[in-house]
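The values are calculated or read from the model by the stated rules, or taken from the named source; none is laboratory data. Model, not experiment: these values are computed from the prediction. As a convention, Cβ positions derive from the backbone with ideal geometry for all residues, glycine included, and neighbour counts pool all protein chains shown. Areas reflect the complete protein model, heavy atoms only, side chains present, ligands, DNA and RNA absent. Shrake-Rupley method; radii C 1.70, N 1.55, O 1.52, S 1.80 Å.
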Amino acid sequence: MRKSIKRFKHLFCLVSLLFLFNFPVKAVNISGVELKESIKLGGHQLHLNGAGQRSKYFFDLYVAALYLKSKSTDASAIINANETMMIQLHVISDLITSENLRLGTKEGFDKSTHNHSEDIQEQIDGFLLAFIEPIKMHDVFEIVYTPEKGVAVIKNRKLVKQLPENMAFKRALFGIWLSDVPAQASLKKRLLGK
């Protein structure tokens, strides 16, 4: 009888472990936005490095998520890395309009370049055109950097802008959220998984 109970306990533990390993990992949920733990992009598997809310004047505007090939807490290394990475922006407020997103992004470029954006101004102007169409709640922007291809901006799964490779521009772009003068210090910390 004791052997049967012992066998049953071992079997129960084994089945429980198999169930846990085969059960899909739940996505991260921030402000009602479901974020996948990993995303396949081209031939690359990108992993959720961190995510958080962008807020201004007590209003939550969007949820940002940073996806990298390998997780990192080093903002400078991420900014300077010439490897595939992505920032997702999930609009969670009807306060975000095309105009104020362009203005906020332009301000972000000014901060991340310490007001020295002359050499990449053409790329910045091109990038801002990705936000020219009306923006509404639940829109999702994916900003993808790929070596040799450059920066792609995808809105709701549709490519809206492609910019050629330019590392100075890529550094300034990811610097909007990760530089020493980020859009929001608490968001930077969360994107770094801290």
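Residues of the stretch 82-98 include at least one that is surrounded by fewer than 21 Cβ atoms within 10 Å (Cβ to Cβ), free of Cβ contacts under 8 Å to residues at least 60 places away in the same chain and in a helix (DSSP H, G or I). Applying the selection to the stretch 41-61, what residues are under 19 Å from residue 72 (Cα atoms) and outside any strand (DSSP E or B)? None - no residue of the stretch 41-61 is under 19 Å from residue 72 (Cα atoms) and outside any strand (DSSP E or B), so the list stays empty. Scanning the stretch 62-81 for residues that are under 21 Å from residue 28 (Cα atoms), open to solvent by 10 Å² or more (accessible area, probe 1.4 Å) and either touching a helix residue (DSSP H, G or I) at 6+ places or on another chain (Cβ under 9 Å) or assigned to a strand (DSSP E or B) (or both) turns up 62, 72. Among the residues of the stretch 153-165, the ones that are assigned to a strand (DSSP E or B) and either open to solvent by 20 Å² or more (accessible area, probe 1.4 Å) or under 14 Å from residue 88 (Cβ atoms) (or both) come to 8 in all. Within the stretch 99-152, being over 18 Å from the mean Cα position of the chain (by Cα), surrounded by 13 or more Cβ atoms within 10 Å (Cβ to Cβ) and free of Cβ contacts under 8 Å to residues at least 12 places away in the same chain holds for 100, 103, 110.
How many residues are assigned to a helix (DSSP H, G or I) and either among the polar types (S, T, N, Q) or in contact with a Gly (Cβ under 6 Å, 6 or more places away or on another chain) (or both) when one looks only at the stretch 121-151? Show your work before the answer.
Going residue by residue through the stretch 121-151, those that are assigned to a helix (DSSP H, G or I) are 121-131.
Okay, now just the ones that are also either among the polar types (S, T, N, Q) or in contact with a Gly (Cβ under 6 Å, 6 or more places away or on another chain) (or both), so 121, 123.
Qualifying residue count, the stretch 121-151: 2.
Collect the residues in the stretch 25-52 that are of a type outside the set (D, E, K, R), farther than 17 Å from residue 157 by Cβ and open to solvent by 50 Å² or more (accessible area, probe 1.4 Å), keeping them in residue-number order. Of everything in the stretch 25-52, those that are of a type outside the set (D, E, K, R), farther than 17 Å from residue 157 by Cβ and open to solvent by 50 Å² or more (accessible area, probe 1.4 Å) turn out to be 25, 29, 31, 32, 43, 44, 45, 47. Checking 89, 95 one by one, the residue that is in contact with a strand residue (DSSP E or B) (Cβ under 8 Å, 6 or more places away or on another chain) and farther than 21 Å from residue 191 by Cα is 95 and no other.
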